[in-house]
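One structure is given below, encoded as structure tokens.
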Amino acid sequence: MSKSQNQALVKVEFDSVPTLSMIVEAAAQASGAFGGEDTGLGFLVSLKNIKLLEEPQKLHFKTKITNEHTMGNMTYFSFAFLEEDTTIATGSFVITVE
């Protein structure tokens with residue numbers, strides 16, 4: 001994993017070729033890269049513009065997560081799911097933390 005203030009690149013691995021729902025869940029979990037030690041339980045509350053651009057072929061990926069905006073306990077993230085140099089899926093979501 002590599003991380004800057006507003007962006008993280010997280011390695012993701014699956015046991016089988018992922019479906020779009022598996023990709024979105026992995027992206028949401030990768031947003032945990034922005035959490036600290038005192039971060040509470042997070043909930044995925046909204047999805048927007050989720051697009052499968054290419055059918056995944058492999059089991060190892062990277063997801064680029066961008067913290068677009070935080071307000072209180074809610075954060076708006078965008079993501080790009082990458083298989084080597086190919087973008088497999090994109091979209092955005094909102095996570096709220098207890």
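The values are calculated or read from the model by the stated rules, or taken from the named source; none is laboratory data. Bear in mind that the values here come from a model prediction, so they are computed numbers and not experimental data. Note that each Cβ is placed from the backbone with ideal geometry, even for glycine, and that neighbours are counted across all protein chains shown.
For the reader, a short list of remarks on this structure follows.
Residues are listed down the side, and each one gets a yes or a no for (1) among the aliphatic types (A, V, I, L, M); (2) within 16 Å of Glu13 (Cα to Cα); (3) under 12 Å from the mean Cα position of the chain (by Cα):
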position: Lys48; (1), (2), (3): no, no, no
position: Pro56; (1), (2), (3): no, yes, no
position: Thr63; (1), (2), (3): no, yes, yes
position: Thr70; (1), (2), (3): no, no, no
position: Ala80; (1), (2), (3): yes, yes, yes
position: Glu83; (1), (2), (3): no, yes, no
position: Ile88; (1), (2), (3): yes, yes, no
position: Ser92; (1), (2), (3): no, no, yes
position: Val97; (1), (2), (3): yes, no, no
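- Filter pass, Ala27 being closer than 15 Å to Phe79 by Cα, within 13 Å of the chain's Cα centre (by Cα), part of a helix (DSSP H, G or I) and at pLDDT 95 or above: yes
- Meets criteria (at negative phi and either surrounded by 10 or more Cβ atoms within 10 Å (Cβ to Cβ) or at pLDDT below 95 (or both)) for Asp15: no
- Exactly one residue among Gly40, Gly35 is farther than 16 Å from Glu83 by Cα and in contact with a Gly (Cβ under 8 Å, 6 or more places away or on another chain), and that residue is Gly35.
- Restricting the stretch 73-85 to residues that are under 12 Å from Ile23 (Cβ atoms) and touching a residue at least 24 places away in the same chain (Cβ under 8 Å) leaves a set whose member that is surrounded by the fewest Cβ atoms within 10 Å (Cβ to Cβ) is Glu83.
- Residues being acidic (Asp, Glu), within 14 Å of Val97 (Cα to Cα) and surrounded by 10 or more Cβ atoms within 10 Å (Cβ to Cβ) - total across the stretch 29-72: 0
- Put simply, of Ile95, Ile88 the only residue that is under 19 Å from Gln5 (Cβ atoms), touching a residue at least 12 places away in the same chain (Cβ under 8 Å) and of a type outside the set (S, T, N, Q) is Ile95.
- Of all residues in the stretch 45-98 being part of a loop (DSSP other than H, G, I, E, B) and of a type in the set (Asp, Glu), the one that is modelled with the lowest pLDDT: Glu98
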